[in-house]
Amino acid sequence: MALPLTCLPASSPRERGEESLPRAAAPFLGFARLLRRHAFAVAPEQATSFMQAVTLLGPRSMNDIREAALATLAPSPDRRIEFDAHFRSHFYGDVKPSIEGEEDETRIKDDRGTREEESQAARQEKGGELSSAREQLSSRDFQRDADGLGAFRRGLASALPARRSFRTIRTRSRGTLDLRRSLSEIVSADGDIPSPQLRRRQTVPRKLLLLIDVSGSMKLHTSDYLKLAHAAVQSADRAEVFTFGTRLTRITSALRVRDRDQALARAAALVDDWDGGTRMGPTLLAFLSVPRFSAFARGAAVVILSDALERGDHADLETAMRRLSARAFRLSLATPLAGDPRFRPATAALRAILPVLDDLVDGSSLKSLTDFILSLARPAPSAEAIWKRVS
C-alpha cells in the first residue's frame, strides 16, 4: 500500500495528469474529493499529507487509515460523526448514510454572477399546507405587481443598525486629536498654533442577511419574500440573500439587477428546490460550514423567513441557531404562523431555539416584515421574554 511521496491530488485529470497516479492512490484521493463535495474544507495540501501519512504508517488496519485522515484532513469536531459516516461509506462500501443519500444531501449553490438552466418544469400544486423533508426540484416564475415597497427602499439604508468602524473621518468637534495633521498645520504656519485637527471613528450600517425558506409550506409567501429581498439588496450597501429548502442557494448577485422582473427571473433560474421539502437544520449547518458564507453572518442583522416546521429531530436546527446567534448582532425569525393571534411557539423545535432568538415576529405580510426590518436598530426585549408574557 506504499504511495510515492511526490504524488499530488489533481483538481482536474487533464490539467494535472491524474491518470499518471498509481492505482493505490485513487481511494485516498477520492475520499478527499468526497469530503470537498460535502462542504468540508480540504485543501490540496491536506490531501497530499493524507496520502503521505498513509505511506509513512504502512497501515496494518483501516483504523490506521482513519487516524491518518483525522490528523491530516482535520474535520471540525461538530462534523466528526458526518466525517466517520463518509469514511465508512467510501472505504467499507456501507450503505449510503442519510447525510450522503441523494434525498437527504444538502447541496450548496453559490451565484457568482452565472446563470444555470432550470432543472425541471414548474410544478403546479397547492402550498402552505404540509411540511416535509423530501426533496422536490422545481422552478418559479414571478410576475410584476404593485408591492408598496417604496418607503422601505427609501428608509432601509438609514434604518439598519450601525456600528463604529475602525476607519476615521475628519470632524470639527467631538473627536480625538489628529496629531499628524495638526503637526503638519503647525509646520505650514511657521510655528503658529492653528485650530487643532480632529478625527472620529466612522459609523457604518451593519450587514443585513436574509435566509428565505422556499419549501412547499411557504409557497404562498415566497413571492413576497423575494420582492422584499430584491428591495433590500437594491437599497442596502451590504445585504446578502440565501434561499433554503432541501438545498442552499445564494441569490445575491441575481438580485443586484435593478429591474425587479429580470432579477427575480434570474433568481428563479438559480434555485432548484422551489416548493419542495425542507431541511432547515442541515441547510443552516451547511451555510455555516462554508467560511465565506459564515462571514456574512458575523456582526450582521440576520433575519430568517420561515415557518420553522422542522420534521423529525430538531438537534441540527438547535445547533445551527446557536452558532448563528453567536455570530450575529441580532438573530430574528419571521414566521407567517405568527400572523394568527392564536399562535404560540409550542412545537419542540421552536421551544428549543426560542432562547437564542432576539426576535420571533409576524412574517405573514409585506407590511409586517418591512415595519420590523426598519425597526432593527431599535432595542427590544428578547423573543423569549415577549412570548413568555404572551403565554
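The values are calculated or read from the model by the stated rules, or taken from the named source; none is laboratory data. Just so you know, these numbers come straight off a predicted model, no measurement behind them. Every residue, glycine as well, gets a Cβ built from its backbone with ideal geometry; the counts of neighbours run over all protein chains shown.
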Seminar exercise, completed: The lone condition R330 fails out of (1) among the charged types (D, E, K, R); (2) at pLDDT below 95; (3) surrounded by fewer than 21 Cβ atoms within 10 Å (Cβ to Cβ) is (2)
Exercise. Would you say D261 is modelled with pLDDT of 90 or more and either over 30 Å from A346 (Cβ atoms) or buried (at least 22 other Cβ atoms within 10 Å of the Cβ) (or both)?
Worked result: yes
Exercise. Of (1) more than 29 Å from I373 (Cβ to Cβ); (2) surrounded by 11 or more Cβ atoms within 10 Å (Cβ to Cβ), R174 satisfies all except one. Which?
Worked result: (2)
Problem set entry | 1 or more residues over 28 Å from D110 (Cβ atoms) and touching a helix residue (DSSP H, G or I) at 6+ places or on another chain (Cβ under 9 Å): qualifying strands (runs of 3 or more DSSP E) within segment 151-269 | 162-171, 198-205
Exercise. Before we move on, is L350 touching an Asp or Glu at 6+ places or on another chain (Cβ under 8 Å) and aliphatic (A, V, I, L, M)?
Worked result: no
Seminar exercise, completed: Those residues of segment 270-284 which are β-branched (V, I, T) and part of a helix (DSSP H, G or I) amount to T283
Exercise. Of all residues in segment 367-386, which are closer than 23 Å to L309 by Cβ and surrounded by 19 or more Cβ atoms within 10 Å (Cβ to Cβ)?
Worked result: L369, I373, A383
For this session: Could you check, for segment 44-58, whether at least one of its residues is outside any helix (DSSP H, G or I), on the phi < 0 side of the Ramachandran plot and either at pLDDT 85 or above or surrounded by fewer than 15 Cβ atoms within 10 Å (Cβ to Cβ) (or both)?
Result: no
Problem set entry | Within segment 308-327, considering residues that are under 13 Å from L357 (Cβ atoms) and more than 15 Å from the chain's Cα centre (by Cα), the one surrounded by the fewest Cβ atoms within 10 Å (Cβ to Cβ) | E318
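Condition check ((1) farther than 24 Å from K219 by Cα; (2) buried (at least 16 other Cβ atoms within 10 Å of the Cβ)) across all residues:
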| residue | (1), (2) |
| --- | --- |
| F293 | yes, yes |
| R298 | yes, no |
| V302 | no, yes |
| S306 | no, yes |
| P336 | no, yes |
| A346 | no, no |
Exercise. Which residues, counting only those in segment 237-258, are surrounded by 20 or more Cβ atoms within 10 Å (Cβ to Cβ) and of a type in the set (A, V, I, L, M, F, W, C)?
Worked result: A239, V241, F242, F244, L248, I251, A254, L255
Seminar exercise, completed: Pairs returned, first residue in segment 372-391 that is closer than 11 Å to R344 by Cα and aromatic (F, W, Y), second residue that is part of a loop (DSSP other than H, G, I, E, B) and at pLDDT 90 or above, beta-carbon separation under 7 angstrom, 6 or more apart or interchain, are W387/P345
For this session: Examine segment 304-314 for a residue that is out of contact with any Gly (no Cβ under 9 Å at 6 or more places or on another chain) and charged (D, E, K, R), and state whether such a residue exists.
Result: no
Problem set entry | Set A231, A239: member being hydrophobic (A, V, I, L, M, F, W, C), assigned by TED's automatic domain parsing to the domain that holds G281, touching a Ser or Thr at 6+ places or on another chain (Cβ under 9 Å) and without any contact (Cβ under 8 Å) to a residue 40 or more places away in the chain | A239
